[in-house]
Each structure stands twice: as C-alpha cells, then as structure tokens.
1. Inside the range 318-332, can you point out the residues that are under 21 Å from residue 160 (Cα atoms) and either within 16 Å of the ligand (Cβ to nearest atom) or surrounded by fewer than 12 Cβ atoms within 10 Å (Cβ to Cβ) (or both)?
2. In the range 157-182, what count of residues is obtained for those that are within 12 Å of the ligand (Cβ to nearest atom) and either assigned to a loop (DSSP other than H, G, I, E, B) or closer than 24 Å to residue 226 by Cα (or both)?
3. Mind checking whether some residue in the range 58-78 is under 20 Å from residue 375 (Cβ atoms) and either modelled with pLDDT under 95 or in contact with a strand residue (DSSP E or B) (Cβ under 6 Å, 6 or more places away or on another chain) (or both)?
4. Among residues belonging to the range 341-360 that are surrounded by 24 or more Cβ atoms within 10 Å (Cβ to Cβ) and more than 13 Å from residue 65 (Cα to Cα), point out the one that is nearest to the ligand (Cβ to nearest atom).
5. Considering each residue of the range 294-317, count those that are surrounded by fewer than 12 Cβ atoms within 10 Å (Cβ to Cβ), part of a loop (DSSP other than H, G, I, E, B) and more than 24 Å from the chain's Cα centre (by Cα), and give that number.
6. Find the residue count for the range 29-65, including only residues that are within 6 Å of the ligand (Cβ to nearest atom) and farther than 24 Å from residue 107 by Cα.
7. Do you know which residues across the range 224-264 are out of contact with any helix residue (DSSP H, G or I) (no Cβ under 7 Å at 6 or more places or on another chain) and under 18 Å from residue 200 (Cα atoms)?
8. With the condition kept exactly as written, say whether any residue in the range 125-138 is part of a strand (DSSP E or B) and over 12 Å from residue 71 (Cβ atoms).
Ligand SMILES: Cc1cc2nc3c(=O)[nH]c(=O)nc-3n(C[C@H](O)[C@H](O)[C@H](O)COP(=O)(O)OP(=O)(O)OC[C@H]3O[C@@H](n4cnc5c(N)ncnc54)[C@H](O)[C@@H]3O)c2cc1C
C-alpha cells in the first residue's frame, strides 16, 4: 500500500464507527448513528462500486406479507410472531416513507396481490381459511383489515386463476431511487462513504478495532458488520446462509394490464409492472442446489423458468422479450427474523434481512445504531 501521511491521518484513522457494507442496513445504521451523535466520525466501507448484495438488486416491493407466506411461516414461528414480524414490516415501510417521501422513493400504492392458479386450488382454499384470522390480528396491531379475497379467473391479464388475495396497503418503489436517497441522506449528515474498499478481517482490543482492508488498515472505536450473509464464517453462531435470487425485466409491453405487485407460491415467485414492463424474479425453491450460493450470476435454467412463467401465465398480445437479467444475494437464517446484536465488546452485526429488507431495513439500522450508541459513554 502506498499510503500518504495525509491519507492515513484524514481518511483511515480516528473513526468512532466503521460500518462494513453499503446496503440498506449499513447506510441506515450509519445515518441513524449520525443523527444520534452528530459529532461522531462514521464511515461506511463498501467493497463494490455501489452495493453488491441485494440492496440495489431487489424488486422494490413495499410489502408486508402474503397469506401463503404467513401460512408457511407458521411452521417455524408462532402465529403471534408471524403477525408481529408482518407488523414490523408495515412499520418499517412507514418509517422509510416518512424518512424519504413517496415522491423520492417513486412509491406507488397500487396494491399487493397474491395469485393462485388452477393448480394452486388447495393452497387457495387453505389461505382463504386464514384470511379472517390475519385481518383480525392486523386490526389489533395496525387498525387495518388488509386482505380481500377475489374469486376470479382472470385478473389484470393474468389468466387461469382460481382466485386472488389482495392487499391494498402494499405497493412498489424504485430501488435505485431508494438507495440513492439513503446515500445522499447519509452524506448530507456527514457520514463518509468509501466504495471499492473490501474488509478482510479485524482485530479488536479494549479501545480500538483495527480493520484490515484492501486499502490498508483503518481504525475505529467500534465496528458494525452490515454485510448480510457475506461474513457468515466470522459469525457462525448467527446461522446465516446465502440464497441467490435471479430477476429479469422485459422490454416495454404495449398492452400491459398489470398494475401492482404480485406474489405467488409463498412469495417465492414475484412480479410487478415497472415503466410499462414486467419485472419478475425468484423461483429459487425450484433450484435449491444452484441457488444456495453467495455468487452473483444468472443461469439459463432460472431465466427460462421466469420467462416461461411470463409467457404462460400473463396474457399479452405482444411478444414478451427480455431486456435485462441480474441476480441478488439474500442473507437468510433459520426463520425470517433478522439479527441485530453485539458479538464482542466493540463488534456489532446487523444482518439476515432475508427477502424483506426494503421493508425492515430502516428499522434494523435504527435498532443497531441504538445498540452501538448505548455502548459509548453518554
Ligand atoms: C432479487 C431480490 C429481490 C428482493 N426483493 C425485495 C422486495 O421486493 N422487498 C423487500 O422488502 N426486500 C426485497 N429483497 C431483500 C432486500 O433487498 C434485502 O433484505 C436487503 O437489501 C438487505 O440489505 P443489507 O444491507 O442487509 O444487505 P446487502 O444489500 O446485501 O448489503 C451488504 C453489503 O455488504 C457488502 N460487503 C460484503 N462483504 C464485504 C466486505 N468484506 N467488505 C466491504 N463490503 C462488503 C456487499 O457488497 C453489500 O453491498 C430482495 C432481495 C433480492 C436479492
């Protein structure tokens, strides 16, 4: 490393907190810390030019859960815990909107719809039986009754249905606009953000953490890992693993009827309209061997499965052509609950946001910032 005195003194040392990871969790943590402690020196170190996990690669659903997802979650969590997690997602979206505004996030409240095809009839019946129970629960926690059952065969150009369960309190936002707003907000509060700096390891002593990076040694009083599942080997007790999600966006479709965010099969398949196109992603459950990975990339099998779904399930008179395909990596755990914790005296982790980080990311940042803050003298 060819580091100057000025670089070392000004940029590499004397931080109060180094946040590793420039996704939703890292940026939210950094900006909440700065709000609590304006005099603190806070830096975010991100290995990629922007963010290389999920935060700039996700589908932008501002959603708090589909009924088949809840029914599936009840296998690992109590009913009350499932409701409490969904309520947290709702509150997280509320915080996100309050922080940045619908306009900045390009958020449209055009509804969330879980679709059930003819082959999903038994799941539809099972989910319909839960609708009142979940509406009653959300009436208690949020004062809303979100879910409405529609027994229809066609909905917004989607054909061969047995029904739809709609939630009018959900919508879609623009992921790029969201991350841009978070970065700008953090920078405007005085957070330093460095991209292209990969953290290789750390050594924590009583008063200091030395952080080894591709750009030399950085020093701070505390370090927070907001690296999703990318540092799972450092924190084995947190039981994090990586799942890849592939996404495609079509070219513009002239007679597109879709207007909203759509879920299918426990949230494993999802699609929405965006700028006159369809974005579709997921299906990782069909490819557990290849998609249990932290490596970015697309495979012919998953892209074909996503394209087939579009061609066979969504009716358009124009041909559906793919414009762009990409992937993102989810950090998941034994259930959908994220981790906000202190793992050593000066070391903190905010991770495992799974497939719901757009919704809960701001809350995770707030909670992690609170935990770090409380480790400093008042
Ligand atoms: C395809 C897809 C669709 C999704 N759709 C939705 C949705 O519609 N709604 C929703 O609520 N959620 C959705 N999610 C989930 C959501 O995007 C994630 O939960 C959220 O982005 C996680 O944020 P994070 O900051 O924890 O992790 P990340 O965004 O993964 O950020 C972690 C960062 O750490 C960096 N990093 C890793 N290792 C190092 C290192 N050694 N040094 C420095 N930096 C490092 C990575 O480059 C990365 O930028 C989706 C996810 C995917 C993949």
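The values are calculated or read from the model by the stated rules, or taken from the named source; none is laboratory data. Please read all numbers here as calculations on a predicted model, not as lab measurements. Neighbour counts are summed over all protein chains in view; Cβ atoms, including those assigned to glycine, are modelled from backbone coordinates with ideal geometry.
1. Residues of the range 318-332 under 21 Å from residue 160 (Cα atoms): 318-320.
Matches in the range 318-332: 319 only.
2. First, pick out the residues of the range 157-182 that are within 12 Å of the ligand (Cβ to nearest atom): 170-175, 178-179, 182.
Adding the requirement that they be either assigned to a loop (DSSP other than H, G, I, E, B) or closer than 24 Å to residue 226 by Cα (or both) leaves 170, 173-175, 178-179, 182.
Qualifying residue count for the region: 7.
3. Residues of the range 58-78 that are under 20 Å from residue 375 (Cβ atoms), as a first pass: none.
The answer is no, given that none of the residues of the range 58-78 is under 20 Å from residue 375 (Cβ atoms) and either modelled with pLDDT under 95 or in contact with a strand residue (DSSP E or B) (Cβ under 6 Å, 6 or more places away or on another chain) (or both).
4. 353
5. Count: 1.
6. Counting residues in the range 29-65 that are within 6 Å of the ligand (Cβ to nearest atom) and farther than 24 Å from residue 107 by Cα gives 4.
7. Correct list: 225, 227, 228, 229, 230, 231, 232, 233, 234, 235, 236.
8. No, the conditions are met nowhere in the range 125-138.
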